[in-house]
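J.: The structure's right below; bear with me while I get my questions together.
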Amino acid sequence: MTTSSKPLKQIHLAAHFPGVNNTTVWSDPRAGSHIEFGSFAHFARTAERAKFDFLFLAEGLRLREQGGKIYDLDVVGRPDTFTVLAALAAVTERIGLTGTVNSTFNEPYEVARQFASLDHLSGGRSAWNVVTSWDAFTGENFRCGGFLPQQERYSRAKEFLATVKELLDSWHGDEIVADQATGTFLKDAKAGSFTHTGQHFDIHGQFNVPRPPQGRPVIFQAGDSDEGREFAAAEADAIFSRHGTLEAGRAFYTDVKSRLAKYGRRADQLLILPAATFALADTDTEAEELAREVRRQQVSGATALRHLEFVWNRDLSAYDPDGPLPDVDPDVTESHIAQGRAQVRMYRDPIATAREWRALAEANNWSIRDLVIHTGNRQNFVGSPATLARTINEYVQSDASDGFILVPHLTPTGLDEFADKVVPLLQEQGVFRTDYEGPTLRDHLGLSHPDTEGVRRRAS
Amino acid sequence: MSSHPDPLHLAVALDGTGWHPASWREPVARPRDLFTAAYWTDLVTEAERGLLDLVTIEDGLGLQSSHFLDPDGRTDQVRGRLDAVLIASRVAPLTHHIGLVPTVVATHTEPFHISKAIATLDYVSSGRAGLRVQISARPNEAAHFGRRAIERIEHYDTPAVHELFDEAADHVEVVRRLWDSWEDDAEIRDTATGRFIDRDKLHYIDFEGRHFSVKGPSITPRPPQGQPVVSALAHDTVPYGLVARSADIGYVTPHDAEEARAVATVIRAEQRAAGRADEPLHVFGDLVVFLDDDPAAARARRERLDALAGEPYTSDALVFTGSPAQLADLLQEFHAAGLTGFRLRPAVAGHDLPAITRGLVPELQRRGVFRRAYEAGTLRGLLGLARPANRYAA
């Protein structure tokens, strides 16, 4: 437990629907559909039963490829984000609904009306995880076709978000009078008027969705670069980060929160919510065993070879995953074997990485599969319910995060045990809500309504 | 199903508080609830109570306007609306049989997004999704996107508009190909080989058109109906062509049985020319309805609303004012002239929708021309459309 004398922070918890990475174990006999609405409904209801802050959906706009072929070893396929979230609003009452929506392959007017509509239809529970991409590979599915120079992706994202905010703010919330006696429906014929002139968007006219309950959706940012952090500090309400360890989490937390002041924002106006995987069992020993088993399920021999290809940038299908690492060096030419993934860009110096991994494998007598299991992401939290509750609380109280976005490995039941066994312990410790206090996601996250933060209302 | 060999299909077109511009002023109208889920759930639930085939939901990428091309700056009519696809999706888990057909604007949207959105609506509704495709020739809506200039038109029969319809046809083609870009059994979950999908059953659609090209495949697997229902409103030869080539339902606006027969003949000819003679294609008549048991009450209501609006109501569609029995007579007459169903536009949603479900429907049932229970689990099923083979399946 923390010995600090400051009041305990309240933990924020969210549920990430299992995605299309190898984190998700589809080979388990209990694994259900990733497409059928029943899976989403079960997952959302479980999270709501546990009083989670929100549900989180990722997005990808082109199926991944490796070696010029559609990648077939992980879950493939997902439904449309907005459409699923709107349907989930019908089978839940309080839980927030966060959707990842790309700012490169959409237009502000449409995204603004989709989020405004979702916010109306969910009674103020919408959130937008703003992501960018620039690859021509994804662009092949869209009108604009082409792509964005990498250095422009944040400038477009920033302008996109600013434009969406302008559109949402173009209605103030009091325009609809609907006075049946006098026949005045709109107070102001100019309701929703906007003009935006910028580098990426030059648009004007009238927005056609009245102001939604939250004013604007809660804004998430997920990028980790210096530019991404700055963007979040200036614009976002929460960060979906990947720094799930205690030390990395604290460093990230300190860094990002320290950037807020120059934008005139307080530390509590930006929540840091890392993704976190977990292995939960009755005892710590059983959980360790489960964690190992799940890691082997996540990294089959075939998956291990494909992951090694991210570094080697060449076809390794002739290698034995249970044998030693390839002697041949990575191909360092530009075109990359894997397309549609963010993680492959993490290996900046593949030759050095390969050398390091060969040495590591030799020293530990690891096969290709062993190496990928050990160098890949282990579960963030492993243990009994008491261990998980204690660890999660420690992370939050020591400012490694404000909570976590949990990523279970099973669809759709991967959250059930956590909801039943860990959440009650957090509630007993007084660090997690026993019921929702308000109807909107802003209420759950402790964020104020944008109108109370000094949004300029036009004098009229 | 009734034993009638040629049953009639019924849809309702939902738009705000109803199609009469003063409808929001009726006591039943609930104008302050327009932006809530409860309002739309109540309307669609009422339509489902009447065993209707489907509801369409109007939409647009700008404020509503009484002018055919430009904003009108009016404050005395309903302005503002929610995204129709999201309304349909929000209502889907709360209904069980009725088809959900939101409007999508082809001119300014991405076919890739629309395809996966409607596929997903089909999943969340267990096979009840469709779309109504529409173009936008409004310069102000183009300015909301800033991506293209729309040539200013004087009327809807110009080359610029024909071009927009051609683009809409391409849009629908891409949407349809993407729905087929996964074969039904592509997800194999083969633990022996570690493969989640059989990638040979996923297909690039490689669409190259004059307005856009799309690679595919979709990110969303083939929806439950295979191909959700595509529909379009058509007033003229060019849109008739779009209906004949691309749609499962065309909504048309004849004002008498003679026109109904003529329109149906043109569309059937276009259908043959498009090589689709053996595929079912519905032609629904659109009618605005003021419906009361006492025809005089319906007339009085229309006059009252016209007085509130300050002008007589006009429409592209025939405006019917009368009793359920009179409407049933008219529908049967149009039905005999070659229309397969009707899309009724309630003048006042809160009044005329229940008048359809509780007045017209029982009347049609008594005459043996409308279902007494839902006979199929999908919208295609209700419309008598088989689940189509996948164009890419070997």
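J.: Which pairs, out of A:Lys9/A:Lys257; A:Lys51/A:Lys165; A:Lys6/A:Lys421; A:Lys165/A:Lys187, put more than 19 Å between their alpha-carbon atoms?
T.: Working: A:Lys9/A:Lys257 16 Å; A:Lys51/A:Lys165 29 Å; A:Lys6/A:Lys421 27 Å; A:Lys165/A:Lys187 22 Å.
Pairs exceeding the cut-off: A:Lys51/A:Lys165; A:Lys6/A:Lys421; A:Lys165/A:Lys187.
J.: Which value in nm describes the separation of the simple spin-label points at A:Ser33 and A:Glu356, placed 7 Å from the Cα toward the beta carbon?
T.: 4.3
J.: Roughly how many nanometres apart are two label points built 7 Å out from the Cα toward the Cβ at B:Ala149 and B:Ala373?
T.: 6.1
J.: Kindly put B:His97, A:His12, A:His336, B:His155 in sequence by how many other C-beta atoms sit within 10 Å of each C-beta, fewest to most. Each step should come with its number before you reach the end.
T.: Numbers: B:His97 20, A:His12 23, A:His336 16, B:His155 10.
With the fewest neighbours first, B:His97, A:His12, A:His336, B:His155 line up as B:His155, A:His336, B:His97, A:His12.
J.: Provide A:Ile35, B:Ile87 in ascending order of the number of other Cβ atoms located within 10 Å of each residue's Cβ, fewest first.
T.: Details: A:Ile35 23, B:Ile87 27.
Going from sparsest to densest Cβ surroundings: A:Ile35, B:Ile87.
J.: A further question follows. Within 15 Å, Cβ to Cβ, of B:Arg299, how many net charges do the neighbouring residues add up to if Lys/Arg are +1 and Asp/Glu are -1? Walk me through the numbers on the way to the answer.
T.: On the way: positive: B:Arg301, B:Arg302, B:Arg304; negative: B:Asp292, B:Asp293, B:Asp294, B:Glu303, B:Asp306, B:Asp352.
Around B:Arg299, the surrounding residues sum to -3.
J.: To the nearest Å, what is the center-to-center distance of segment B:279-323 and segment B:68-82, using C-alpha atoms only?
T.: What the calculation gives is 21 Å, centre to centre.
J.: Also, I was wondering about something else. Got the relative contact order for chain B handy, in percent, Cα pairs under 8 Å and 6 or more residues apart? All intermediate terms of the calculation are to be shown ahead of the outcome.
T.: On the way: 773 pairs, mean separation 91.2, N = 394.
Computed over chain B, the figure is 23 percent.
J.: So what's the gap between the Cα centers of segment A:287-336 and segment B:88-122, to the nearest angstrom?
T.: When both Cα centres are located, 40 Å separates them.
J.: Hey, with R₀ at 25 Å, roughly what FRET efficiency would A:Arg314 and B:Asp185 work out to, going by the Cβ-Cβ distance, to 0.05?
T.: Details: r = 32 Å, r/R0 = 1.29.
Efficiency computed from Cβ-Cβ geometry: 0.20.
J.: Just need the relative contact order of segment B:177-246 here, percent rounded to a whole number, with Cα pairs under 8 Å and 6+ apart. Could the numbers behind the result be given before it?
T.: Numbers: 80 pairs, mean separation 21.2, N = 70.
Here the relative contact order equals 30 percent.
J.: Would you please classify the overall shape of the protein assembly as shown from the alpha carbon gyration tensor, given that a ≥ b ≥ c denote the square roots of the eigenvalues, rounded means a/c under 1.5, and beyond that prolate means a/b larger than b/c while oblate covers the rest?
T.: Numbers: a/c = 1.92, a/b = 1.58, b/c = 1.22.
Verdict is prolate for the protein assembly as shown.
J.: Also: Based on Cβ point charges of +1 for Lys and Arg and -1 for Asp and Glu, what charge dipole magnitude is obtained for the protein assembly as shown about its Cα centre, in debye rounded to the nearest 20?
T.: Details: 92 positive and 119 negative charges, 210 e Å.
That gives a dipole near 1000 debye.
J.: Follow-up question, since we're still on this one. Determine, for B:Thr107, B:Thr237, the number of other Cβ atoms within 10 Å of each Cβ, and report the residues in order from fewest to most.
T.: On the way: B:Thr107 22, B:Thr237 12.
Neighbour counts put them in this order, fewest first: B:Thr237, B:Thr107.
J.: Here's something else I'd like to know. What is the distance, in nm, between label points placed 7 Å from the Cα along the Cα-to-Cβ direction at A:Glu293 and at B:Phe207?
T.: Calculated label separation equals 4.6 nm.
J.: Provide the net charge surrounding B:Arg272, with neighbours chosen by a C-beta distance below 12 Å and charges set as Lys +1, Arg +1, Asp -1, Glu -1. It would help to have the intermediate numbers written out before the result.
T.: On the way: positive: B:Arg245, B:Arg268, B:Arg276; negative: B:Glu270, B:Asp278, B:Glu279.
Around B:Arg272, the charge tally is 0.
J.: If R0 is 51 Å, what FRET efficiency do you get for B:His96 and A:Asp179 from their C-beta distance, rounded to 0.05? Kindly include the intermediate steps, with their values, before the conclusion.
T.: On the way: r = 37 Å, r/R0 = 0.73.
Working from the Cβ atoms, E equals 0.85.
J.: Which GluC sites (Glu not before Pro) in segment A:266-351 sit in a loop by DSSP (not H, G, I, E or B) and have at most 15 other Cβ atoms within 10 Å of their own Cβ?
T.: Numbers: sites: A:Glu286, A:Glu288, A:Glu289, A:Glu293, A:Glu309, A:Glu334; in loops: A:Glu334.
Within segment A:266-351, the qualifying GluC sites (Glu not before Pro) (loop, at most 15 other Cβ atoms within 10 Å) are A:Glu334.
J.: Which trypsin sites (Lys or Arg not before Pro) in segment B:153-230 pass both tests, a DSSP loop state and at most 15 other beta-carbon atoms within 10 Å? Please report the intermediate quantities before stating the final value.
T.: Values: sites: B:Arg176, B:Arg177, B:Arg189, B:Arg195, B:Arg199, B:Lys201, B:Arg210, B:Lys215; in loops: B:Arg210, B:Lys215.
Those satisfying the criteria are B:Arg210.
J.: Working from Cα positions, state the angle (0 to 90°, nearest 10) between the long axis of helix A:108-121 and the longest principal axis of chain A.
T.: 80
J.: Moving on to the next point. Please give the helix B:37-49 orientation as an angle from the longest Cα principal axis of chain B, in degrees from 0 to 90, rounded to the nearest 10.
T.: 80
J.: Pairs of Cα atoms under 8 Å, at least six residues apart: use those to get the relative contact order of segment A:300-375, whole percent. Walk me through the numbers before you get to the answer.
T.: Working: 84 pairs, mean separation 30.8, N = 76.
Taking the mean separation of contacting Cα pairs over the length of segment A:300-375, I get 40 percent.
J.: At R0 = 60 Å, how high is the FRET efficiency between A:Glu286 and A:Cys144 if r is their beta carbon distance? Nearest 0.05 is fine. Before the final figure, lay out each step's value.
T.: Working: r = 51 Å, r/R0 = 0.86.
Efficiency at R0 = 60 Å is approximately 0.70.
J.: Compute the helix-to-body angle for B:237-246: its Cα long axis versus the longest principal axis of chain B, expressed 0 to 90° and rounded to tens.
T.: 50
J.: Further question on the same structure: What number comes out for the charge environment of B:Ala337, summing +1 per Lys or Arg and -1 per Asp or Glu over other residues with Cβ under 11 Å away? It would help to have the intermediate numbers written out before the result.
T.: Working: positive: B:Arg261; negative: B:Asp256, B:Glu258, B:Glu259, B:Glu333.
That works out to -3.
J.: In segment A:411-444, which GluC sites (Glu not before Pro) are in a loop and have at most 11 other Cβ atoms within 10 Å, using DSSP for the loop call? Please report the intermediate quantities before stating the final value.
T.: Values: sites: A:Glu417, A:Glu428, A:Glu437; in loops: A:Glu437.
Here the sparse-neighbourhood loop sites are A:Glu437.
The numbers here are math on the coordinates, done by the rules we state, and not lab data. This structure is a prediction, so every number in the text was calculated from the model and none was measured. Every residue, glycine as well, gets a Cβ built from its backbone with ideal geometry; the counts of neighbours run over all protein chains shown.
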